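Structure first, commentary second.
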Protein chains: 2
Amino acid sequence: MNLKCLTIVLASALASSLCMAQTNSAEIKEDFQASSLNQPGQDYPQVNSQGYVRFHVKAPKADSVRVTLGLGGRGGTKLTKGADGYFTGTTEGPMDEGFHYYHLIVDGGVFNDPGTLNYYGSTRWESGIEIPAHDQDFYALKDIPHGNVQQILFPSKSTNTQRRAFVYTPPGYEKDRSKKYPVLYLQHGWGEDETAWSNQGHANLIMDNLIAESKIKPFIIVMTYGMTNDVKPGGIRNFKIDAFETVLTDELVPYVDVNFRTVADREHRAMAGLSMGGMETHLITLAKPDEFAYYGLLSGGTYTPAELQDKPRAKLIFISCGSKENPTGVNKATAALKDAGYNAVSFISNNTAHEFLTWRRSLKELAPLLFNN
Amino acid sequence: MNLKCLTIVLASALASSLCMAQTNSAEIKEDFQASSLNQPGQDYPQVNSQGYVRFHVKAPKADSVRVTLGLGGRGGTKLTKGADGYFTGTTEGPMDEGFHYYHLIVDGGVFNDPGTLNYYGSTRWESGIEIPAHDQDFYALKDIPHGNVQQILFPSKSTNTQRRAFVYTPPGYEKDRSKKYPVLYLQHGWGEDETAWSNQGHANLIMDNLIAESKIKPFIIVMTYGMTNDVKPGGIRNFKIDAFETVLTDELVPYVDVNFRTVADREHRAMAGLSMGGMETHLITLAKPDEFAYYGLLSGGTYTPAELQDKPRAKLIFISCGSKENPTGVNKATAALKDAGYNAVSFISNNTAHEFLTWRRSLKELAPLLFNN
């Protein structure tokens, strides 16, 4: 080895050790990229390959900006003011894969991050961020035929207004005008609304991808607002199902059966919901067992064989949750249903909590089981 | 008059003069009500019967909160901090009827009002407020048959992605499956997107109401994103029409004609747009005169007879603006077109500026003139 070569080797080793040192001290990879849910042209918030989130919010005369997103129980992430008038900060640890709601606390007031799109949750439009998931391909927007998501306004005598719902019609719905489809009624969670399953859940993209891969037979999905009573925080304590049950089964289902090409019977109608929407599914499928033949509870409770007996038999009972929720309870309830002879299926979403990646994955698992038996 | 009566008269006069004094000092009627665009359960912002707007924003540790909404040229409305940690303030004067964008400046940072819904304008999701208009009935949600607004995702080779559009299909579209409809391609303004005509414009409700009153024959409306190039502020200076023209006429129109029941010819196809969307309409109808037969410029420039000659004849040229914009220019241009033998119609929206009430009214005036000759 000549002198020149030795110099290169030493320089290389030095650079390498500097690099290591830097990595050791911070342990955060500096490969941050703008979140996919940012507003057009906005560079922040950013996410790195480990799932850390970095915020960057302009508020030159503010004293404090805090972000509600962060590691559990630590009060979110406190940002630090820079000389440029921006508050910057990074979550203390990596966030779970998938979608998270959050907001800012600016000098004691609740505001959204001006960098991101807004999503209805917690009875308000919240900021949203997406941590790329290792399995995100199943809800990616691809160059394949796409179904439509239609906003409908249907008359509701019981609530004396025109109510909104969104209806997913699969690719090809417009072309073969004689074909009829089964229908899944799919409910959002507490504090969310009828926009959640499309915006946060990507239900339409999940369906488009499953259909393109021939993993399911096409069906229609109907999503409407499930909090027909008081929406104020805390209202869940006084939640009664009657008002929503009337809207759903006496008003929306008949409207959909008249205005869309549905197979209008129990055997071709499913109901599922996440969280509070699971609670609604549980109550309504038991109260109106002649309406729906397929049931899905996504982080939304369980059924017992006792409450199902003496009712028309469900063709499927699907129960799911995230691995960070109550997988034991879900698996136990499903086993008890199977023992009693029911077609029960459980699904546990790996490394997710009570959040939308759990429910996107649940829909992907549920869809191929619907309208098949 | 006995003593008792006199006392009542005096007391009454006193009360009356106190009332007058109060009215004279403030001149603002205390009949404020929550804006119709507030988020569920939010009491503020509020609007009174004169069109004043009152704001009420929680930010207990902030030094200053300013609202960009207010009388022109006065820098919006500065709010005053109360002992309860809320900043409160009322616009210096009444606002124009209709929809307005605004945002807050909280200690120097740009944030949205947490009380209101968000609307995409100025290349960001802005806060929105609605001053009830005396003629608001034409875009009210009524107990009549409603059309649907469908989100479609169409393939775009020229931009190498799946692009989004919204398609209004009129009431009854699903029932008579042999009927075919003409199509209006309707564009938003600079900094807005394909959600604007439904969210801010209520295009679907305007159509539903006109159809219910038999004032128009039903047609389809297609709304897509018109800023296919750089969306960053200031990008309008470098705006070139080519990219959008390709998306619209080579990709979207053929997709709609295959996937919806359209009458797929020039005589049953219209293009209109507001502001920058008018500029796009102007350029594209002239560049592709075989595509569209009906033209509408809403606060978006004018045509001259010279640029129309030697082209297939437009069946209608509709030009509109608010009375606070350039009504003389619009009326003059329309007169020149009429003199040259064109079927040109102008419309001036009374007491409105470059805002959405001008364009809601313009659509209401334009719709009955389409596909009629």
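The values are calculated or read from the model by the stated rules, or taken from the named source; none is laboratory data. Every value quoted in this text rests on a predicted model; they were computed, and no experiment measured them. Quick reminder, even Gly has a Cβ in these numbers, built from the backbone with ideal geometry, and neighbours come from all protein chains shown.
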Quick one: A:Asn160 ticks every box in (1) farther than 26 Å from A:Arg54 by Cα; (2) at the interface with chain B (Cβ under 10 Å from one of its Cβ atoms); (3) at pLDDT 95 or above except a single one, so which number is it?
(3)
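Residues checked against (1) of a type in the set (D, E, K, R); (2) touching a helix residue (DSSP H, G or I) at 6+ places or on another chain (Cβ under 9 Å); (3) in the same structural domain as B:Ser36 (by TED's automatic domain parsing):
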{"position": "B:Gly93", "(1), (2), (3)": "no, no, yes"}
{"position": "B:Asp107", "(1), (2), (3)": "yes, no, yes"}
{"position": "B:Pro114", "(1), (2), (3)": "no, no, yes"}
{"position": "B:Tyr120", "(1), (2), (3)": "no, yes, yes"}
{"position": "B:Trp125", "(1), (2), (3)": "no, no, yes"}
{"position": "B:Lys142", "(1), (2), (3)": "yes, yes, no"}
{"position": "B:His146", "(1), (2), (3)": "no, yes, no"}
Inspect the range A:298-306 for any residue being at positive phi and at pLDDT below 95 and give the result as yes or no.
no
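Yes/no per residue for (1) at pLDDT 95 or above; (2) in contact with a Lys or Arg (Cβ under 7 Å, 6 or more places away or on another chain); (3) within 14 Å of another protein chain (Cβ to nearest Cβ):
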residue	(1), (2), (3)
B:Trp190	no, no, yes
B:Asp193	yes, no, yes
B:Lys217	yes, no, no
B:Ile220	yes, no, yes
B:Met223	yes, no, yes
Take the residues in the range B:31-43 that are within 24 Å of A:Tyr119 (Cβ to Cβ) and assigned to a strand (DSSP E or B), then tell me which one is nearest to the other protein chains (Cβ to nearest Cβ).
B:Asn38
The range B:114-224: strands (runs of 3 or more DSSP E) wholly inside it with 1 or more residues that are over 29 Å from B:Leu69 (Cα atoms) are B:148-156, B:161-169, B:183-187, B:220-224
Does any residue of the range B:60-82 turn out to be within 29 Å of B:Asn204 (Cβ to Cβ), at pLDDT 95 or above, crowded, with 19+ Cβ neighbours inside 10 Å and within 12 Å of another protein chain (Cβ to nearest Cβ)?
no
Over the range B:128-146, the set of residues exposed (fewer than 15 other Cβ atoms within 10 Å of the Cβ), within 12 Å of chain A (Cβ to nearest Cβ) and within 24 Å of B:Asn351 (Cα to Cα) is B:Ala140
Of the residues in the range B:325-353, those that are of a type outside the set (S, T, N, Q) and surrounded by fewer than 17 Cβ atoms within 10 Å (Cβ to Cβ) number 8
Test A:Thr328 against the criterion of being in contact with a strand residue (DSSP E or B) (Cβ under 9 Å, 6 or more places away or on another chain), polar (S, T, N, Q), more than 24 Å from A:Tyr119 (Cβ to Cβ) and modelled with pLDDT of 95 or more, and give yes or no.
no
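Yes or no, residue by residue, for (1) closer than 23 Å to B:Phe219 by Cα; (2) surrounded by 24 or more Cβ atoms within 10 Å (Cβ to Cβ); (3) in contact with a Phe, Trp or Tyr (Cβ under 7 Å, 6 or more places away or on another chain):
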residue: B:Ala264; (1), (2), (3): yes, no, no
residue: B:His268; (1), (2), (3): yes, no, yes
residue: B:Thr281; (1), (2), (3): yes, yes, yes
residue: B:Thr285; (1), (2), (3): yes, yes, yes
residue: B:Lys288; (1), (2), (3): yes, no, no
residue: B:Glu291; (1), (2), (3): yes, no, no
residue: B:Gly296; (1), (2), (3): yes, yes, yes
residue: B:Glu307; (1), (2), (3): no, no, no
I'd like the full set of residues that are more than 23 Å from the chain's Cα centre (by Cα), in a helix (DSSP H, G or I) and among the hydrophobic types (A, V, I, L, M, F, W, C), limited to the range A:253-299.
A:Val253, A:Val256, A:Val258, A:Leu286, A:Ala287
Taking the condition within 30 Å of A:Pro155 (Cβ to Cβ), assigned by TED's automatic domain parsing to the domain that holds A:Met223 and among the polar types (S, T, N, Q), does A:Asn259 pass?
yes
Residue hits (the range A:97-123; within 9 Å of chain B (Cβ to nearest Cβ) and at pLDDT below 95) are A:Thr123
Hits in the range A:316-359 (condition: hydroxyl-bearing (Ser, Thr, Tyr) and assigned to a strand (DSSP E or B)):
A:Ser320, A:Ser346, A:Ser349
Read through the list (1) outside any helix (DSSP H, G or I); (2) in contact with a helix residue (DSSP H, G or I) (Cβ under 9 Å, 6 or more places away or on another chain), then give the number of the only condition that B:Arg313 fails.
(2)
Somewhere in the range B:164-177, is a residue more than 10 Å from chain A (Cβ to nearest Cβ), at pLDDT below 95 and surrounded by fewer than 21 Cβ atoms within 10 Å (Cβ to Cβ)?
yes
Within the range B:44-95, can you find the residues that are without any contact (Cβ under 8 Å) to a residue 12 or more places away in the chain and not in a loop (DSSP other than H, G, I, E, B)?
B:Thr80
